[in-house]
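Okay, structure first, notes after.
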Amino acid sequence: MTPPAGGATHLECTWTGERYESERLQTLSAAGRPLFARYDLDALAERFRPQDLVGRPADLWRYAEVLPVRDPACRVGLGEGWTPLLEAPRLAERMGVGRVWVKDEGQNPTGSFKARGLGLAVSRALELGATELALPSAGNAGSAAAAYGAAAGLPVHVVVPRDTPAPILAEIRALGADLRLLDGLITDCGAVVREGVERYGWFDLSTLKEPYRVEGKKTMGYELFEQLGGRLPDVIVYPTGGGTGLIGMWKAFDEMEGLGWIGPERPRMISVQAAGCAPMVRAWEAGAETAEPWRDAATYASGLRVPAAVGDFLILRAVRASGGAAVAVPDADMAEWVEIVGSATGVFCAPEGGAVAAAVPVLRERGLAGDADEVVLFNTGSGLKYVGMTPQE
Ligand SMILES: *Cc1c(COP(=O)(O)O)cnc(C)c1O
């Protein structure tokens with residue numbers, strides 16, 4: 001059964017609330033802040049209920065009513081989403097919490113949850129007439145963009161740090177993108193993309209600088225609700241770089257409340273960063289509304305090597321409103337927990353997934369995860385993409 005057509009009513013500035021037209025290509029708001037797609041949730045509440053999802057395809061397009069793509073022919077799909085939520089009783093016992101699940105995003109196309117965001121962003125860029133795409137990346141967003149660009153038949157320019165994991169570089173090349181290597185970090189790569197935008201009219205798919213990657217990532221929130229049988233866990237532990245995953249799930253929960261699927265209660269949102277690059281943790285601890293850029297960012301979890309995020313205030317708001325926390329984890333702990341999770345569950349995590357598991361003992365100590373709590377750990381990528389990378393510091 002093909003899900004019905006979707007479509008937003010408008011876009012809204014996340015800083016000022018100003019309205020923007022959704023049916024043309026958009027980037028940041030006039031205030032330089034991310035735009036969110038808004039839907040007519042009151043009308044949808046009448047005709048989009050959890051039971052309507054039964055029998056739909058096992059991918060993220062099952063949530064079409066709350067996705068921005070209007071024409072089903074513009075859905076560029078490689079099988080993204082509907083990843084397994086694996087219960088891990090031996091991990092729960094070891095961690096001293098009630099129940100633990102691993103949401104294994106490593107099973108997405110291109111081996112990371114970036115497929116969700118880039119699947120939506122490329123579909124929407126296609127629908128709205130973009131002809132050439134570009135993005136700076138720490139690695140996985142680049143390979144996901146390359147894959148969806150190839151599937152859509154659109155050229156993609158990817159700019160990444162030279163020391164991005166080799167399997168990811170090979171993947172980007174094999175998927176036909178124009179790959180550019182830079183001595184620097186993702187923020188430096190962003191400057192190269194901005195130049196291409198000005199000179200050649202590339203459409204910039206940078207995270208949260210166009211409105212739709214977050215729409216793909218939010219489907220993780222809908223999936224958790226569905227896969228847990230119509231409820232949410234007590235705690236969600238998420239590795240945060242640009243923050244789109246955490247911000248997206250938080251948005252999904254608000255939408256689900258608007259649809260009447262859940263009440264006002266929310267899971268505690270835990271943002272996990274690398275000790276060698278922890279701008280959100282520093283801002284959270286300081287009680288700041290936005291984050292200062294992190295200097296000399298270093299971690300082998302390349303997805304977490306993001307010194308500054310345009311959505312910083314959205315991450316911090318979600319963490320605070322949920323009663324959660326932001327936690328930093330050293331590389332050595334990530335590596336150790338990759339092995340603990342691997343041998344306890346059968347999932348070979350990315351270092352980012354190891355980071356999330358390594359944060360749980362810290363949460364226990366701080367009273368943020370208790371022995372009756374249900375905890376979902378996000379493994380955002382496959383460990384195979386990082387083979388040959390070693391912990392830093
Ligand atoms: C990009 C990435 C992250 C960070 O995700 P954000 O949603 O940008 O915070 C975490 N893990 C992996 C494997 C990634 O590729």
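Yes/no per residue for (1) buried (at least 24 other Cβ atoms within 10 Å of the Cβ); (2) over 17 Å from V237 (Cβ atoms):
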{"site": "A275", "(1), (2)": "no, no"}
{"site": "R282", "(1), (2)": "no, yes"}
{"site": "E285", "(1), (2)": "no, yes"}
{"site": "A301", "(1), (2)": "yes, no"}
{"site": "F313", "(1), (2)": "no, yes"}
{"site": "A326", "(1), (2)": "yes, no"}
{"site": "V329", "(1), (2)": "yes, no"}
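Select, from D178, D163, the only residue that is surrounded by fewer than 21 Cβ atoms within 10 Å (Cβ to Cβ), within 22 Å of A309 (Cα to Cα) and more than 20 Å from the chain's Cα centre (by Cα).
Selected residue: D163, the only one of D178, D163 that is surrounded by fewer than 21 Cβ atoms within 10 Å (Cβ to Cβ), within 22 Å of A309 (Cα to Cα) and more than 20 Å from the chain's Cα centre (by Cα).
When segment 70-88 is examined, which residues are found to be more than 18 Å from the chain's Cα centre (by Cα) and of a type outside the set (A, V, I, L, M)?
Passing the criteria: R70, D71, P72, C74, R75, E87.
For segment 229-244: of the residues being more than 12 Å from V306 (Cα to Cα) and among the small types (G, A, S), which is surrounded by the most Cβ atoms within 10 Å (Cβ to Cβ)?
G230
For segment 231-266, which residues satisfy the criterion of being among the aliphatic types (A, V, I, L, M) and within 16 Å of the ligand (Cβ to nearest atom)?
Result: I236, V237, L246, I247, M249, A252.
For R99, which of the numbered conditions (1) more than 19 Å from the chain's Cα centre (by Cα); (2) closer than 29 Å to D40 by Cβ fails to hold?
So the condition that R99 fails would be (2).
Applying the selection to segment 206-230, what residues are within 13 Å of the ligand (Cβ to nearest atom) and more than 13 Å from the chain's Cα centre (by Cα)?
K209
Please go through segment 1-51 and pick out each residue that is closer than 23 Å to G230 by Cβ and surrounded by 17 or more Cβ atoms within 10 Å (Cβ to Cβ).
Result: P3, G6, Y39, L41, L44, F48.
Identify the single condition in (1) closer than 19 Å to F48 by Cα; (2) in contact with a Lys or Arg (Cβ under 7 Å, 6 or more places away or on another chain) that T244 does not satisfy, given that it satisfies every other one.
Among (1) closer than 19 Å to F48 by Cα; (2) in contact with a Lys or Arg (Cβ under 7 Å, 6 or more places away or on another chain), the lone unmet condition for T244 is (1).
For segment 347-376, name all the residues that are touching a residue at least 60 places away in the same chain (Cβ under 8 Å) and away from the ligand (no atom under 16 Å from the Cβ).
Answer for segment 347-376, where residues must be touching a residue at least 60 places away in the same chain (Cβ under 8 Å) and away from the ligand (no atom under 16 Å from the Cβ): V360, P361, L363, R364, L368, A369, G370, D371, A372, D373, E374, V375.
Could you tell me whether any residue of segment 257-278 is in a helix (DSSP H, G or I) and either more than 20 Å from the chain's Cα centre (by Cα) or farther than 25 Å from G354 by Cα (or both)?
Yes, segment 257-278 contains a residue that is in a helix (DSSP H, G or I) and either more than 20 Å from the chain's Cα centre (by Cα) or farther than 25 Å from G354 by Cα (or both).
Pull out all pairs, ordered by first then second residue, where Cβ-Cβ is under 7 Å, the residues are six or more apart or on different chains, the first lies in segment 157-179 and is free of Cβ contacts under 8 Å to residues at least 24 places away in the same chain, and the second is charged (D, E, K, R).
Within 7 Å, the pairs are R162/D183.
Among the numbered criteria (1) closer than 19 Å to S206 by Cα; (2) touching a Ser or Thr at 6+ places or on another chain (Cβ under 9 Å), which single criterion is violated by V319?
(1)
Every number in this text was worked out from the coordinates using simple rules, so none of it is lab data. Bear in mind the structure is a predicted one, so any value in this text is a computation, not a measurement. With ideal geometry, Cβ positions are generated from the backbone for all residues, glycine too; neighbour counts draw on all protein chains shown.
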